[in-house]
Amino acid sequence: MTPYKRTMRQILARVPVMPVLTVHDVHSAAELAAALVRGGVVVFEVLLRTPQALDAVKAMIEAAPEADIGLGTLLTAEDVQAAVEAGVAFGVSPGLTPSLAHAARLAGLPFLPGTASASEVMFAREQGFRELKFFPAQGSAGISWLRNMAPVFPDVVFCPTGGIQPADIPDYLALPNCCTVGGSWIAPSALVQAQNWPEITKLALQSTKMKIF
């Protein structure tokens, strides 16, 4: 039995926009998480790209227990283990290898592997994954690709990331195989560095209104 309270699909369904965060200051991580949650954003991904990332994600989990906080840029089985030990709700990768897939399955970790082609989607499905990241989406260019993939892989849900701007989001969310997009614009580095939590909360609130019903 998985120790996780939600599946990957259930996690994605909680928000229309998932912030992708690069955290450089562990001391502000808890306040950043709280600012996002105040704006209704209860799912976000922290990138494993800074020395502070693991400590930051632990602080965020403690500060926002109602949120599903994931760790991204997982490249190896060791990264998966570090994510599990940090207590994250899910993991994200830019691609998928057999060893990475095995590690995620073994850990029972809700996992969002990256894909960029039909062949990669087929491989991910063979490995048991039906919730996939589409990366890089390259702004609005990815909409046509996802639309073409919908009838080919009707059981797959995508979370596109990479260069997506707010203006692109309604068109993505209108697709039958996309319920969530990832982006960094909700918590831009300038606002985080300035600790402008009210403005980040405002952007988070705006993102929750982009849901297409």
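The values are calculated or read from the model by the stated rules, or taken from the named source; none is laboratory data. Note that the structure is predicted; figures quoted are calculated from it, not measured. Cβ placement follows ideal geometry from the backbone for every residue including glycine, while neighbour counts extend to all protein chains displayed. The accessibility values were calculated without ligands, DNA or RNA, using every heavy atom of the protein model including side chains. Shrake-Rupley method; radii C 1.70, N 1.55, O 1.52, S 1.80 Å.
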*Could you please find all residues in region 33-53 being in a helix (DSSP H, G or I) and of a type in the set (V, I, T)?*
V37
*State yes or no: is G139 at pLDDT below 95, out of contact with any His (no Cβ under 9 Å at 6 or more places or on another chain) and open to solvent by less than 30 Å² (accessible area, probe 1.4 Å)?*
yes
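Can you name the residue in region 38-52 that is open to solvent by less than 30 Å² (accessible area, probe 1.4 Å) and at pLDDT 95 or above and is also nearest to M8 (Cα to Cα) among such residues? Before the answer, list the steps.
Step one: filter region 38-52 for residues open to solvent by less than 30 Å² (accessible area, probe 1.4 Å), giving 39, 41-47, 50.
After this cut, where a residue has to be at pLDDT 95 or above as well, the list is 39, 41-47.
Details: G39: 22, V41: 16, V42: 14, V43: 11, F44: 13, E45: 13, V46: 16, L47: 17 Å.
So the residue we want is V43.
Got a sec? Which of A116, A174 is over 17 Å from the mean Cα position of the chain (by Cα) and more than 24 Å from R6 (Cβ to Cβ)?
Working: A116 fails: over 17 Å from the mean Cα position of the chain (by Cα).
Every option except A174 fails the conditions.
Pick from region 194-213 the residues that are in contact (Cβ under 8 Å) with a residue 12 or more places away in the chain and either part of a loop (DSSP other than H, G, I, E, B) or open to solvent by 70 Å² or more (accessible area, probe 1.4 Å) (or both): which of them is nearest to V23 (Cα to Cα)? Step through it out loud before you land on a result.
So the first thing to find is which residues in region 194-213 are in contact (Cβ under 8 Å) with a residue 12 or more places away in the chain, and the list is 195, 197-198, 200-208, 210-212.
If we keep only those that are either part of a loop (DSSP other than H, G, I, E, B) or open to solvent by 70 Å² or more (accessible area, probe 1.4 Å) (or both) as well, we get 195, 198, 202, 205-206, 210-212.
Numbers: Q195: 12, P198: 18, K202: 19, L205: 21, Q206: 22, M210: 25, K211: 26, I212: 30 Å.
Here the residue is Q195.
Please find, within region 11-32, the residue that is most open to solvent (accessible area, probe 1.4 Å) out of those that are of a type outside the set (D, E, K, R) and in a helix (DSSP H, G or I).
Let us first name the residues in region 11-32 that are of a type outside the set (D, E, K, R), namely 11-13, 15-24, 26-30, 32.
After this cut, where a residue has to be in a helix (DSSP H, G or I) as well, the list is 11-12, 26-30, 32.
On the way: I11: 1, L12: 2, V26: 46, H27: 154, S28: 7, A29: 1, A30: 35, L32: 6 Å².
Going through the qualifying residues, I end up with H27.
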*Across region 178-191, what is the number of residues that are of a type in the set (A, V, I, L, M, F, W, C), out of contact with any strand residue (DSSP E or B) (no Cβ under 8 Å at 6 or more places or on another chain) and either open to solvent by less than 30 Å² (accessible area, probe 1.4 Å) or over 30 Å from A150 (Cα atoms) (or both)?*
2
